[in-house]
Structure formats: structure tokens, C-alpha cells
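What follows is a set of notes on a single structure, which appears directly below.
The values are calculated or read from the model by the stated rules, or taken from the named source; none is laboratory data. Keep in mind that what you see is a predicted model, and the values were worked out from it rather than measured. Quick reminder, even Gly has a Cβ in these numbers, built from the backbone with ideal geometry, and neighbours come from all protein chains shown. These accessible areas exclude ligands, DNA and RNA; they are computed on the full protein's heavy atoms, side chains included. Shrake-Rupley method; radii C 1.70, N 1.55, O 1.52, S 1.80 Å.
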Amino acid sequence: MKSLLIIGAGGYGQLVKEIAEMIGYKKIDFLDDNSLEAIGKINEIEEIEGGYGGSIVAIGNPEIREKIFERLKKPITLIHPKAVVSKSAAVGAGCVIEVRAVVSANAEVKRGSFICAGAIVNHNSVVGKFAQLDCNAVVACENYVPDGYKVHSCTEYRKP
């Protein structure tokens, strides 16, 4: 049985849970310091993670996401079944690629990044570590989104 531990039970954690269910995860639990739905606190990662096939951080703040990600032993990436990821693209560990997102030819999404619904990473572009493209954001071709950077909804990121 595929099992997943999600760190962060807020709104984004719930979205991540739904993607995981769509791709066949059966046992899904949360760690969160402020949720009654969680089975434990974030500081318990090392004790709890071993009982799961993989883990992912679903926290929006890129600095916090990176600190927690560095503690994971089994980080996984989740790609929504209705997302499009080119066969020549590279997606790092701990990423979430949401519904109708596109990661185009020779694009790279580095570890811990979120590509939200409808966002596009155009060909030959790179999304840095722990970055986020909000819904319907576009990274123009041959661009580099810096580590931890957020491209807001319905905007385009391109070299100045």
C-alpha cells in the first residue's frame, strides 16, 4: 500500500492530499503543529517518517519549506494526472505539479518547488529551489526563476 506523510495540514496540505489520492496513495497522514487532523508535530518527523513510503512538505513559506525538506529521508514529488511534463523536462524531489500545469521541453523545476494550477514553465527555463509559480503564472522561455521566489498568479516572469 502506497503511504505518504504530508508536513503541513493547512489548505495547501489538503490540496496535496487530493493529488496523492488521485495517483494511488491509500494511507495519507499529516504532521502539523496547529491541526487536530495531524497525527503529530513537525518536530517528530524523524520518528514518524520511517513508517511511510514517502514524505512531502506542503508549506508555502520557502524558507520554512527548505528547512523541513532538509530533514526528510524519503522526499517524493507529486504530479497531478492532468498536468503535462515534457519527457525532456527535469523535476526535482519534493515538488508539486498541480492540475493543468505545464513543464515544457528542456525545462527544469528544482527541488521543493510548487507549480500551481495552470502555470507554465516554458521551454529551456529553470525554476529554482523552493520557488512557487501561482495559478496561471508563466515563466517565459529561457528564463531562470531564483530560489525561493514567488511568481504571482496571472503574471509572466522574464529576464529584465
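The figures follow:
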read-out	value
Residue list for region 25-39, filter: more than 21 Å from V99 (Cα to Cα), in a strand (DSSP E or B) and open to solvent by 10 Å² or more (accessible area, probe 1.4 Å)	K27, D29
Selection count, region 72-97, where residues are open to solvent by 70 Å² or more (accessible area, probe 1.4 Å) and either under 17 Å from Y149 (Cβ atoms) or charged (D, E, K, R) (or both)	3
Any pair with Cβ under 7 angstrom, 6 or more apart, that starts in region 139-152 at a residue that is at pLDDT 95 or above and small (G, A, S) and ends at one that is assigned to a loop (DSSP other than H, G, I, E, B) and open to solvent by 80 Å² or more (accessible area, probe 1.4 Å)	A140/R158
Total residues in region 124-134, condition touching a residue at least 24 places away in the same chain (Cβ under 8 Å) and part of a loop (DSSP other than H, G, I, E, B)	3
All positions within region 3-24 that are under 16 Å from the mean Cα position of the chain (by Cα), of a type outside the set (A, V, I, L, M, F, W, C) and either over 17 Å from L72 (Cα atoms) or open to solvent by 40 Å² or more (accessible area, probe 1.4 Å) (or both)	G10, G11, Y12, Q14, K17, E18, E21
Of residues in region 111-160 being out of contact with any strand residue (DSSP E or B) (no Cβ under 8 Å at 6 or more places or on another chain) and open to solvent by less than 30 Å² (accessible area, probe 1.4 Å), the one farthest from S55 (Cα to Cα)	G118
Test for N106: is it open to solvent by 30 Å² or more (accessible area, probe 1.4 Å), over 23 Å from V16 (Cα atoms) and at pLDDT 95 or above	yes
Residue in region 41-50 that is touching a helix residue (DSSP H, G or I) at 6+ places or on another chain (Cβ under 9 Å), closer than 16 Å to K2 by Cα and surrounded by fewer than 19 Cβ atoms within 10 Å (Cβ to Cβ) present	no
